[in-house]
Amino acid sequence: MSIPKNEYKPYLVSRSVYSETNFQDEIEKNEIVPKTLRQKVKKHVRCSRRTPLLVLKSIFPILDWLPKYRWKEWIIHDIISGVSTGLVSTLQGLSFALLAAVPVGYGLYSAFFPVLIYAFMGTSRHLSIGPFPVVCLMVGSIVLSMAPDEKFPLGENSTKIDIEKRDQTRVLICGTACFLSGIIQLALGILQIGFIVRYLGEPLVGGFTTAAAFQVFVSQVKQVLNVETGNYNGVLSIIYTIIDIFKNIAKTNIADLIAGLLAFIVCVAVKEVNERYKHKLRVPIPIEIIVTIVATGISYGANLEKNYKAGIVKTIPSGFLPPIVPDVSMFQEMIGSAFSTGIVAYAVAVSVAKVYGTKNNYPVDGNQEFIAYGVSNMFGGIFSCFCASTALSRTAIQEGTGGKTQFASLISAAIVLIAIVALGRLLEPLQKSVLAAICIANLKGMFWQVRDVPRLWRQNKWDSVIWIVTCIAAIVLGLDLGLLVGLVFGLLTVVLRVQFPSSSSLASVPDTDLYKDEKLYRNLIRPEGVKIIRFSSGIFYGNIEGLRSSIKKIIGFDPVRVFNKRSKALRKINNLIKKGQLSTTRNGILTTGAVDNKGFESDDDLNMPQEEERPGVYTDEVEIRVDWNSELPVKVCVPKVNIHSVIFDFGQITFLDVVAVKCLKLIFTEFKRIDIDPYIAACDDNVLKKMGMCSFFDDKITFDVCFLTVHDAVLYIENERMFQSGHDPFLDKISLMQESKGQLEFPEMDPFYNELDPQDEALRVLAS
């Protein structure tokens, strides 16, 4: 809520100017005693009576919410939600199994077994886990790469394929990959590495899932057309598949094409109605179920397989198959792909879970989710499932139809169980093109993510580039390599962003202690002779050169070059003095007289090496003082320096490394050599501590250069310069009386002397 201008109340603060030294002398610091290893271990391993129960609840969250379950209020909602979700899960299990390159019946198993474990171990109350098209396609790429059709000829010289043996091998590979992904997820959860999902940011996941949706679309188009293509995997596989589709498009099965198009159009249209009128519809229209029932009836009644050679499901196993032991020998070959599959499955599911957790006011534990998915996939892998995640549509239905807890997931699993045990065989006449069309219709949300690119470009161009690079890489290189490229590129952009730290020059808002970027605001007042530089990034070895470049750009000169030029000029001036062509006054100020510079050396040394000597010349024990901003009696172009102080605003510096501290110390030394005083303002205590540990402060760079705020530093500088330059009336009077010493017979008649307080004896002594 904005406050009207007339309601702003001015405030006045009266305090001393605080340097870090003064502040710490006045305000006592707390003494923090680090805990010993024994104390840390004791804190984490101590056990009370409640500890076992808390541990058990953390592993099985159902023990936390089930005793609080409101049976009268929630049970009806959970039953309605579970039935609706279960029907959708059944159809999606069948259709998404096509992506995993295994018989469709195994999609039902994948919609059943993982749900049982997650309902007890998951922390999300609304997530519907099971098949997800992107993950299924990643599993399918593993299966096709390890068990292509060419490995299963029916005979030695036969071109036909032993389908039964091929499917058995693929099911084993699928279950093994699921089990291995579960092991990886469980290990990451036990090691508390739930933070890994943070590196899969929204732009990366958006680009990746859009690319996956495109790959899913291409893989399902061949099912709709019922044309043969090669089993490609890896780099450019999607391109080769598209080429094969167009080569064989003349062999399209018209019956499958018509059925697929009609199913797609109807599903998309009804889903649009569900979305538009979701506030009025208590339960979304289960269009997938309706389309499946109608299509199955038409296919059975018209005998499309026999009359039109349509591709149908044919066989759906009834009941449960015995559990299998995963083939450990395959682990080495598939570990990379299994890792990326497990991470993507987890990232998508947790992202959705956190959205609904925030909406319904309950927490989602990332590490426990890793454990829940790990155990679910290990359990599912034993029963020939493929890696489970969540589908956005299923979760939206489970939450939108009134689901309150994971009890709804158990109801949905019961619906899938009925399909496995009793109804599976009834779906055998169903055309695969209809399942493919249902799968494509569910990709709408992922395809619409393309609209995020212009928004990301307006908000943050780097995020937009990450989205585009990840999407293109996943399409061209394959999903696993594409994900890796997107992740590496995303981390690279972070490095690039911090390598060139954001910097700005600050100036004062009139009549306040506020300092803002002078490029962004008008009518700011820049303190005379002072540059205030703000950095908005941590400083480390990777961006230290960018830091130096920013400093040079803001102050307008290179301190090293100024020092070298002054040193060169002083050497030449010294030679002229020795030759008698220049002279100095008693206090060391140069006088030029008539000097002919025609024979002097020209300024052709623009890159002199850095020198350690002090830029001053001593003649007859009198230091020569030069006004470097005036005309010099030698032909050396010395850059003009119009500042006397530099303040570094470190209020936004979060960390420093050893290299950065050393470089900062060198920068401070370079400024001091050319008579510019550097200061630090608003530095975090931890950053100051790190600078102290790295020996930043010494006899030359003392702790007194640090101030609590930029305004403290500015006030201190103005006060110091006032005294040094003699502009202060107090010092002016003292100086004039000193100059009149011995010349005025009666100093008390001096008008400046008379203005002093007659009672200030100390001042009278100083003046005399």
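The values are calculated or read from the model by the stated rules, or taken from the named source; none is laboratory data. Source: prediction; values computed, not measured. Cβ placement follows ideal geometry from the backbone for every residue including glycine, while neighbour counts extend to all protein chains displayed. Ligands, DNA and RNA are stripped out before the accessible areas are found, and what is left, the full protein with its side chains, is counted by its heavy atoms. Shrake-Rupley method; radii C 1.70, N 1.55, O 1.52, S 1.80 Å.
Eigenvalues of the alpha-carbon gyration tensor of region 386-523, scaled by 5 and square-rooted, set the equivalent ellipsoid semi-axes at 50, 22, 14 angstrom, largest first. Of the GluC sites (Glu not before Pro) found in region 74-174, those in coil by DSSP whose Cβ has at most 10 other Cβ atoms within 10 Å are Glu156. For the set Lys271, Lys461, the ranking by accessible area, highest first and with no ligand, DNA or RNA atoms included, is Lys461, Lys271 under a 1.4 Å probe. The peptide list 703-709, 487-493, 48-54, put in order of mean Cβ contacts within 10 Å with the highest first, becomes 703-709, 487-493, 48-54.
May I ask for the angle, rounded to the nearest 10°, between helix 71-97 and the longest principal axis of the chain, with both axes built from Cα atoms and the value confined to 0 to 90°? On a 0 to 90 degree scale, this one is about 80. Distance from the alpha carbon centroid of region 196-247 to that of region 82-139 works out to 20 angstrom. Probing with 1.4 Å while keeping every protein chain in the model, the per residue accessible area of the chain equals 54 Å².
For Val294 and Glu272, a Förster radius of 22 Å and the Cβ-Cβ distance give a FRET efficiency of 0.70, rounded to the nearest 0.05.
Annotation: amide H of Ile532 within the under-5 Å range of Leu506, Ile647, sequence separation 5 or more or interchain, hydrogens built in the peptide plane. Between Asn460 and Lys578, residue separation times 0.36 nm minus the direct Cα-Cα distance comes to 36.2 nm. In this simple spin-label model, placing a label point 7 Å from the Cα along the Cα-to-Cβ direction at both Lys516 and Gln332 gives a separation of 6.6 nm. Using a 1.4 Å probe on the protein heavy atoms, what percent of the accessible area of the chain belongs to carbon and sulfur? Exposed carbon and sulfur together represent 59 percent of the surface. In the chain, the longest principal axis of the Cα atoms and the axis of helix 479-499 are about 10 degrees apart. For the residue pairs Lys578/Lys672; Lys553/Lys672; Lys251/Lys314, the alpha carbons lie more than 24 Å apart in Lys578/Lys672.
Reducing region 368-397 and region 18-79 to their Cα centroids gives an inter-centroid distance of 28 Å.
Taking 25 Å as the straight-line reach from the Cα of Lys280, the lysines in range (excluding those fewer than 8 positions away in the same chain) are Lys72, Lys271, Lys359, Lys404, Lys444. Remark: the Ile265-Phe489 segment gains 76.8 nm on full extension, using 0.36 nm per residue and subtracting the alpha carbon distance. Evaluated on the chain, the Kirkwood hydrodynamic radius is 32.8 Å, with distances taken between all distinct Cα atoms.
Most simply put, the chain has about 55% antiparallel DSSP beta bridges, counting only bridges with both residues inside it. Bridgeable lysines around Lys35 (alpha carbons under 24 Å apart, same-chain partners fewer than 8 residues away excluded): Lys43, Lys689, Lys690. Rounded to the nearest 10 degrees, the inclination of helix 287-302 to the longest alpha-carbon principal axis of the chain is 30 degrees.
Please list, or write none, the lysines whose alpha carbon is within less than 17 Å of the alpha carbon of Lys151, excluding same-chain residues fewer than 8 places away. Cα-Cα hits under 17 Å: Lys160, Lys165.
Distance between the C-alpha centres of region 426-447 and region 502-549: 59 Å, rounded to the whole angstrom.
Each of the peptides 106-116, 187-197, 567-577 was scored by the mean count of other Cβ atoms within 10 Å over its residues; in descending order, highest first, they stand as 106-116, 567-577, 187-197.
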